[in-house]
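Student: So that we are looking at the same thing, I have put the structure below in structure tokens.
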Amino acid sequence: MRALLVEDDDMIGRSLQQALEGAGWSVDWVRDGLLGESALADGGYTCVLLDLGLPKQDGTALLRHARERGDRTPVVVLSARDSLGERVQGLDLGADDYVPKPFELPELLARMRAVVRRRDGAAHSLVGTGALQLDLTTREVLVEGRREALTAREFALLHALLERPGAILSRDQLEHRIYGWGEEVTSNAVDVLIHGMRRKIGQDAIRNVRGLGWRVSTAP
Ligand code: CA
């Protein structure tokens, strides 16, 4: 799962980045509204954490532009501006949730999971096909009635594939979802990850489509 964090406060940004990474998120952190807008336009984010008071362009403008472009990435607004009027404005502009600062981390993480689930169209915490499901709360995969624990990267990989069962994702698209900026990615990192995953979920669960990428098998 890949999060875009748009926050100009160094202390809040650093502690949020650490906490999110500890919870299995891969995090890109930008400190102004214009960088935030261009990062979001590049795509690939599971969720955006958006501060409102930002240099260069404020969070409400970023959000309005994103929704006008048709970008439906879930956005959780983080802001000290917790007056009713601003909360309503944020939600009207297309924020999925609003968490006033200061906030408790477990609550923020739960709200992020909730907006991601809603985007995935599920009221519960499972996404995926009948044969292969991912539990967003426990970060386990359910396969043939078994539950298997996943590493953070395995989880990110499978989540990307299960968002659109049957669709082919290229190596670039998968790397984009699994790794953050500045992370060293070896040329065979995705292959190694998938090799390890197949031992947990079965050889045929993730299919390679030669020259194009990978997809999850949609057959039961
Ligand atoms: Ca700020």
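Values quoted throughout were computed directly from the atomic coordinates according to the rules given, and no laboratory measurement underlies them. Worth saying up front: this structure is predicted, and the values here are computed from it rather than measured. A quick note on method: Cβ atoms are made from the backbone with ideal geometry, for glycine too, and the neighbour counts reach across all protein chains shown.
Student: Quick check, is Leu162 of a type in the set (A, V, I, L, M, F, W, C), over 14 Å from Thr46 (Cβ atoms) and either surrounded by fewer than 16 Cβ atoms within 10 Å (Cβ to Cβ) or in contact (Cβ under 8 Å) with a residue 12 or more places away in the chain (or both)?
Tutor: So Leu162 fails the test.
Student: Restricting the first residue to the range 165-183 and requiring it to be farther than 15 Å from Gly43 by Cβ, which pairs with a second residue that is polar (S, T, N, Q) meet a Cβ separation below 7 Å and a spacing of at least six or different chains?
Tutor: Close Cβ pairs satisfying both conditions: Pro165/Thr129; Pro165/Thr218; Gly166/Thr218.
Student: Inside the range 86-105, can you point out the residues that are free of Cβ contacts under 8 Å to residues at least 24 places away in the same chain and surrounded by 13 or more Cβ atoms within 10 Å (Cβ to Cβ)?
Tutor: Passing the criteria: Arg87, Leu91, Asp96, Asp97, Tyr98, Val99, Pro100.
Student: How many residues does the range 208-218 contain that are over 15 Å from His159 (Cα atoms) and surrounded by 11 or more Cβ atoms within 10 Å (Cβ to Cβ)?
Tutor: Qualifying residue count for the region: 4.
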